[in-house]
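For reference, the structure is listed below as structure tokens.
All of the numbers you see were taken from the coordinates with simple rules; none came from a lab. Keep in mind that what you see is a predicted model, and the values were worked out from it rather than measured. In this analysis, Cβ positions are derived from the backbone assuming ideal geometry, glycine residues included, and neighbour counts consider all displayed protein chains.
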Amino acid sequence: LQIRQARPDNVLLWGWGVMNSTALKEAQATGFPRDKMMGIWWAGAEPDVKDVGMGAKGYTALTLQHGAEPGSKVVKDMLDLVHAKGQGTGPKEEVGSVLYMRGLISAMLGVEGVRKAQERYGKGKVMTGEQTRWGLENLNLDQKMLDGMGFAGVMRPVQTSCLDHMGSSWVRVHQWDGAKWTFSSDWYQSDDKVLRPMVMLASGKYAEEKKLTPRTPDQCKM
């Protein structure tokens, strides 16, 4: 009702879960152009659009690095080396989908964090939580490393630190064509001159409310 009354030029869908497909179905029912709607990261996966199908055609969403990557080497390796041997634990048809890639990248970052920690604290040893945190805060995944793991074209290099847990601020936009996601933009990088002060203000307020003591730059070197 608010959309019909306000008649906006564009709509940012800040949604999650079933509210995304519901919003797209409502847009279809009311005639609001889906190509004038853009979703955030949590509103741009297959479950958000597949039940709407052609009714969601033209809808776009941010990807924060990866999208659906069925042609990537890491996906081909997963199909050839895992599923082809009957060792896959999930639906084969979902390999390479947006949510699958999200989990795959998360798993890779976790493994590389432990590997980095072992370089400092002992290769082959079981890492403690603090040691693993150090590893995750000192990742340096350059393009050569990503290519070697099969992530070429899937994501850009990531370098983290104690002061920067994100490590990368690049995004792409992908668009639903009625059956699948395809990239509709090149890479965009966020403007940290605008965002960083906002992050520091919000995190400082949170730390104060929760009575947390942020680590100092010297503590980050430990």
Give me the mean projected area, in nm² to one decimal, of the convex hull enclosing the Cα positions of the chain. 15.7
Starting from 0.36 nm per residue, how many nanometres of slack lie between MET166 and SER106 once their C-alpha separation is accounted for? 20.3 nm
So if each residue of separation counts as 0.36 nm, and I subtract the Cα-Cα distance between GLU130 and LYS76, what length gain in nm does that give? 16.0 nm
Under Karplus coefficients 6.51, -1.76 and 1.60, residue-wise ³J(HN,Hα) of segment 114-125 in Hz, glycine/proline x: 5, 4, 5, 4, 5, 4, 9, 9, x, 5, x, 7
Once phi for every residue in segment 192-197 is put through the Karplus expression 6.51 cos²θ - 1.76 cosθ + 1.60 (θ = phi - 60°), the whole-Hz ³J(HN,Hα) values, with Gly and Pro written as x, are 5, 5, 8, 7, 4, x
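So how do 89-101, 194-206 stack up, highest first, on mean other-Cβ count within 10 Å?
Working: 89-101: 15.6, 194-206: 10.8.
Descending packing order for the listed peptides: 89-101, 194-206.
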Past 19 Å, Cα to Cα: identify those pairs from LYS76/LYS116; LYS144/LYS193; LYS25/LYS50; LYS50/LYS76; LYS76/LYS123; LYS92/LYS116, in the order given. LYS76/LYS116; LYS144/LYS193; LYS50/LYS76; LYS76/LYS123; LYS92/LYS116
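Using the beta-carbon distance between LYS144 and THR89 and R0 = 25 Å, what value does 1/(1 + (r/R0)^6) give for FRET efficiency, to the nearest 0.05?
Numbers: r = 30 Å, r/R0 = 1.20.
After rounding to 0.05, the efficiency reads 0.25.
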At a Förster distance of 30 Å, what's the computed FRET efficiency of TYR188 paired with GLU119, Cβ-Cβ distance as r, to 0.05? 0.35
I'd like the Karplus ³J(HN,Hα) series for segment 22-34: coefficients 6.51, -1.76, 1.60, θ = phi - 60°, whole numbers in Hz, and an x wherever there's a Gly or Pro. 5, 5, 5, 5, 5, 4, 5, 5, 9, x, 7, x, 5
What are the principal axis extents of the Cα atoms in segment 9-115, in Å, biggest first? 48, 28, 21
The alpha-carbon pair-distance distribution computed for segment 66-168, with 10 angstrom bins and whole-percent values, is 15, 41, 31, 13, 0
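For the chain, what is the relative contact order in percent, using Cα pairs closer than 8 Å and at least 6 residues apart in sequence? Please list the in-between numbers first.
Details: 308 pairs, mean separation 41.5, N = 222.
The value is 19 percent.
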Point-to-point label distance, VAL199-THR22, nm (Cα→Cβ direction, 7 Å offset): 3.2
Nearby aspartates and glutamates by direct alpha-carbon distance to LYS85 (threshold 16 angstrom, same-chain neighbours under 8 apart not counted): ASP77, GLU93
